[in-house]
Amino acid sequence: MADNRFFKLSGPFKLGKLATEFGCVVANEHKDKIIKDVSSIEAAKADEICYFEDKKLLAKLQETKAGACIISEDFKEQVPSGVAVLFSKQPQLTFALIAQKFYPQDKASATHISDKASIHPSAKIGENCVIEDNVIISENVEIGSHTIIRANSVIDKGVVIGSDCHIWPQVYVGYCIMGNNVVIFPGASIGRDGFGFVMSPSGHVRIPQLGRVMIGNDVHVGANSCIDRGASGDTIISDGVRIDNLVQIAHNVKLGRGCVIVAQVGIAGSSVFGNFVAAGGQAGIADHINVADGVQIAAQSGVIKDIPAGEVVMGTPAVPIKQFMRQATYLQKQVSPKKK
């Protein structure tokens, strides 16, 4: 069970209600079973629900003490007697949705504006917003309803923030138009100058960064990540993007829908990602690179040329993963001692 000092538990719920709401199938005799919480397959108790979908963990399924388990029909014979089953085609997804029901995200339901916040008179604040201590909201800012802005964050002039957003502490947002249901985690910086200058014998001459950051709906930006505004056009983060902690996104980068960018990835200026691209931790993408839909970039890869749709790449420079494996095998043979 989650620590109630930090997490507010809803429920309990009947298993039949959960099955109906999330499109699952449950046996009639279990529909009235009361479920009080979610848990892992190892730790779940008789009044808790878990999920299973990795056959490598089959032994843990066979030993679980859970009251209910979300599984696909492929494993129905492996569930211990006494454990109610919710059949789902995507058990992990169903579990995530049920967990959200038990632990809904914070949402502002009443207006609370700290008297220690600094809000410019021209700013427009929607209904039922929370603005905490030492927040600075500059001139001509627009904030939608039910948005939470945590302590010590700075919302610079002209910024537009949609409804149901959550800006965590110590965040800077500037030169940005943001959609709804956006979460910006602590320490993130949105909209600062891109790394743009001209080298000259007398010193480096700054190129004015005259674009914006355009963030769609349902976007998460991780702690201490940085998204630079565009130099001339805009930096674009499309709907449903997930950006992990410590990510650098340079000026004029464009991320398509549903991209996943993992910790310490760096994307150089004007690179374009299609929809549902995934970049593993510490991958580096050079400037002006086009990465098409559905590409997967393995951790620590260095991308220096365009990647076609659906490709899985690895290595530095990044190559198709089968080619990388052949190269690695060849190199290993060269350095391994030969058998006599």
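Could you grab the pairs with beta carbons closer than 9 Å, sequence gap of 6+ or different chains, first residue in region 233-259 and within 14 Å of residue 178 (Cα to Cα), second one acidic (Asp, Glu) and assigned to a loop (DSSP other than H, G, I, E, B)?
239/218; 240/218; 241/218
Mind listing whichever residues of region 288-324 are surrounded by 15 or more Cβ atoms within 10 Å (Cβ to Cβ) and part of a helix (DSSP H, G or I)?
Within region 288-324, 321, 324 qualify.
Kindly provide the set of residues from region 293-330 that are at pLDDT below 95 and among the small types (Gly, Ala, Ser), ordered by number.
If the condition is that a residue be at pLDDT below 95 and among the small types (Gly, Ala, Ser), then 328 is the only one that fits.
Considering 282, 327, which residue is farther than 21 Å from residue 178 by Cβ, assigned to a loop (DSSP other than H, G, I, E, B) and of a type outside the set (Asp, Glu)?
Going through 282, 327 in turn, the sole match is 282.
Would you confirm, using the coordinates I've provided, whether residue 212 is touching a residue at least 40 places away in the same chain (Cβ under 8 Å) and either of a type in the set (Lys, Arg) or touching a helix residue (DSSP H, G or I) at 6+ places or on another chain (Cβ under 9 Å) (or both)?
Spelling it out, it is not the case that residue 212 is touching a residue at least 40 places away in the same chain (Cβ under 8 Å) and either of a type in the set (Lys, Arg) or touching a helix residue (DSSP H, G or I) at 6+ places or on another chain (Cβ under 9 Å) (or both).
Among the residues of region 136-143, is any in contact (Cβ under 8 Å) with a residue 60 or more places away in the chain and outside any loop (DSSP other than H, G, I, E, B)?
no
Can you tell me which residue in region 248-287 is farthest from residue 195 (Cα to Cα), limited to those that are of a type in the set (Val, Ile, Thr) and buried (at least 24 other Cβ atoms within 10 Å of the Cβ)?
By that ranking, first place goes to 277.
Looking only at region 76-101, which residues are more than 32 Å from the chain's Cα centre (by Cα) and surrounded by 18 or more Cβ atoms within 10 Å (Cβ to Cβ)?
Result: 79, 83.
Could you give every pair whose Cβ atoms fall below 7 Å, whose first residue belongs to region 154-172 and is charged (D, E, K, R), and whose second residue is surrounded by fewer than 19 Cβ atoms within 10 Å (Cβ to Cβ) and at pLDDT below 95, counting only separations of at least 6 or pairs across chains?
The qualifying pairs are 164/107.
For residue 333, are the conditions met, namely being over 19 Å from residue 270 (Cα atoms), assigned to a loop (DSSP other than H, G, I, E, B) and at pLDDT below 95?
Taking the combined requirement at face value, the residue does not satisfy it.
The values are calculated or read from the model by the stated rules, or taken from the named source; none is laboratory data. These figures come from a predicted structure and were not determined experimentally. Cβ sites come from the backbone with ideal geometry, for glycine too, and all protein chains shown count toward neighbours.
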